[in-house]
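Chemist: My questions will all concern the structure given below.
Values in this text are rule-based calculations from the coordinates and carry no lab data. Keep in mind the model is a prediction, meaning the values are calculated, not measured. No Cβ is skipped: glycine too gets one built from the backbone with ideal geometry, and neighbour counts run over all protein chains shown.
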Amino acid sequence: MRITTVGLDADDTLWHNETIFRLTQARFRDLMAEVAAPEVLDERLAAVERRNLALYGYGVKGFTLSLIETAMELTGGEPPGRIISDILASGREMLAHPVEPLPGVEHALAELSDGYRLVLITKGDLLHQEQKLAGSGLGDLFAAVEIVSEKDASTYARVFTRHGTGAAEAVMAGNSLRSDVLPALEAGAFAAHIPYAVTWAHELAEPPVGHPSFAELASIADLPGWVRGLG
C-alpha cells in the first residue's frame, strides 16, 4: 500500500468559516426580531438554503441571497429597505473577512507536502475561494486546486485521477462527514474526519464507524502521522 496524494478541504479544515456564518445569522435574528421569533427564522432560513443550493451553490453569495429571500417571505414580500441594506452589508463583510488559518495547519501541510502531492478540494464561490486561499498564505503548498460545485464519489475519482495516481492511493481530509468523508470512501480513497467546533446542519451525517479506510482525528496535527502509517 502506498499513498501518493492527499486531498484537503478548505473551509473549517484549514481556516475558520462556519463561525462567521453563525455570527451573521445571529445578526440576522436581531435584525428580524420584530418580524419572527429566532426559532421560526432559523427554520425558514434553513429551508430556503436547502431549496437554493441547486441554484446558488455554496458560499457567502448564495447565503446572502437566501437571507434576503427569507426576509421577503417573512414580511409578505415587503421587507423594509434598511433590512435589505443591512443584509447586503453583512454579506460584504463576510466576503472581506480576514482569513485565519486554524492552529497547526501550516505545519501539518508543510510536513505533508514533503512526501505527498497536496490537492485542495473545496466547494463554494470560485472567486471567493481563490481569494481566501491567496489570503491564507498556504497556496504554495498545494500542487493543485479544485473548486467544485459538489463533492460526490465521481468528483473524488476524477480529481484523484487527474492530480494523482487514483483514489486507491489517495487520502481526503476534512471537517464534513457528508462532503469530505463518505463520498471519498465511496470513490475508494482513504478519508480522515477532522471535526470543527460547529458544523452546518446540511453537512451532518453519521460517521462510518468500523470502516477500514476511515479515521477520526482530533486535529490536523495528527494527519501527517496517520497518512504515513497507511504506507
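Chemist: When only C-alpha pairs under 8 Å and at least 6 residues apart count, what is the relative contact order of the chain, in percent?
Modeler: Computed over the chain, the figure is 27 percent.
Chemist: For Cα extents along the principal axes in Å, the listed values are [x] 60, 34, 29; [y] 53, 48, 36; [z] 47, 39, 33; which was obtained by calculation from the structure presented?
Modeler: [x]
Chemist: Continuing with the same structure: What net charge do the residues around residue 108 carry, taking every other residue with its C-beta under 14 Å from that of residue 108, with Lys and Arg at +1 and Asp and Glu at -1?
Modeler: Every neighbour counted, the sum reads -4.
Chemist: Per 0.36 nm of contour for each residue apart, how much would the distance between residue 50 and residue 73 grow if the chain were fully extended, relative to their Cα-Cα spacing?
Modeler: Taking residue 50 through residue 73 to full extension adds about 6.8 nm, to one decimal.
Chemist: Follow-up question, since we're still on this one. Rounded, prolate or oblate: which fits segment 83-155, taking a ≥ b ≥ c as square roots of the Cα gyration tensor eigenvalues, rounded meaning a/c under 1.5, else prolate when a/b beats b/c?
Modeler: It comes out oblate by the Cα gyration axes.
Chemist: If I fit a long axis through the Cα atoms of helix 126-136 and take the longest principal axis of the Cα atoms of the chain, what angle between them do I get, 0 to 90°, rounded to 10?
Modeler: Helix 126-136 and the main axis of the chain meet at about 70 degrees.
Chemist: Relative contact order of segment 18-96, please, whole-number percent, based on alpha carbon pairs below 8 angstrom and at least 6 residues apart.
Modeler: Over segment 18-96, the number comes to 34 percent.
Chemist: Just subtract the alpha-carbon distance of residue 162 and residue 106 from 0.36 nm times their residue separation and send over the number in nm, one decimal.
Modeler: Full extension of this stretch gives 17.7 nm more.
Chemist: Quick check: the distance between the Cα centres of segment 13-65 and segment 185-231, to the nearest angstrom?
Modeler: Cα centres, segment 13-65 to segment 185-231: 26 Å.
Chemist: Okay, moving on. Run the paramagnetic zone check for residue 228: 7 angstrom along Cα to Cβ, then residues of segment 163-192 with backbone nitrogen under 12 Å.
Modeler: Under 12 Å, as judged by backbone N against the label point of residue 228, lies no residue of segment 163-192.
Chemist: Would you please give the FRET efficiency between residue 130 and residue 211, computed as 1/(1 + (r/R0)^6) with r the Cβ-Cβ distance and R0 = 30 Å, to the nearest 0.05?
Modeler: 0.35
Chemist: Moving to a separate point now. 222 nm [θ] for the chain, helices only, -39500 (n - 2.57) per DSSP H run of 4+, per residue, to 500?
Modeler: Calculated mean residue ellipticity at 222 nm is -14500 deg cm²/dmol.
Chemist: Between rounded, prolate and oblate, where does segment 16-93 land on the alpha carbon gyration tensor, with a ≥ b ≥ c its root eigenvalues, rounded for a/c under 1.5, else prolate if a/b exceeds b/c?
Modeler: Rounded, because the longest to shortest axis ratio a/c is under 1.5.
Chemist: What are the ³J(HN,Hα) couplings of segment 68-73, residue after residue, when phi is run through the Karplus curve with 6.51, -1.76, 1.60 and θ = phi - 60°? Round to Hz, x for glycine and proline.
Modeler: 5, 5, 4, 4, 5, 4
Chemist: Same structure, new question: Treating cross-link reach as a plain straight distance, find the lysines whose alpha-carbon is under 16 Å from the alpha-carbon of residue 151, omitting any fewer than eight places away in the same chain.
Modeler: Excluding near neighbours in sequence, the set is 123.
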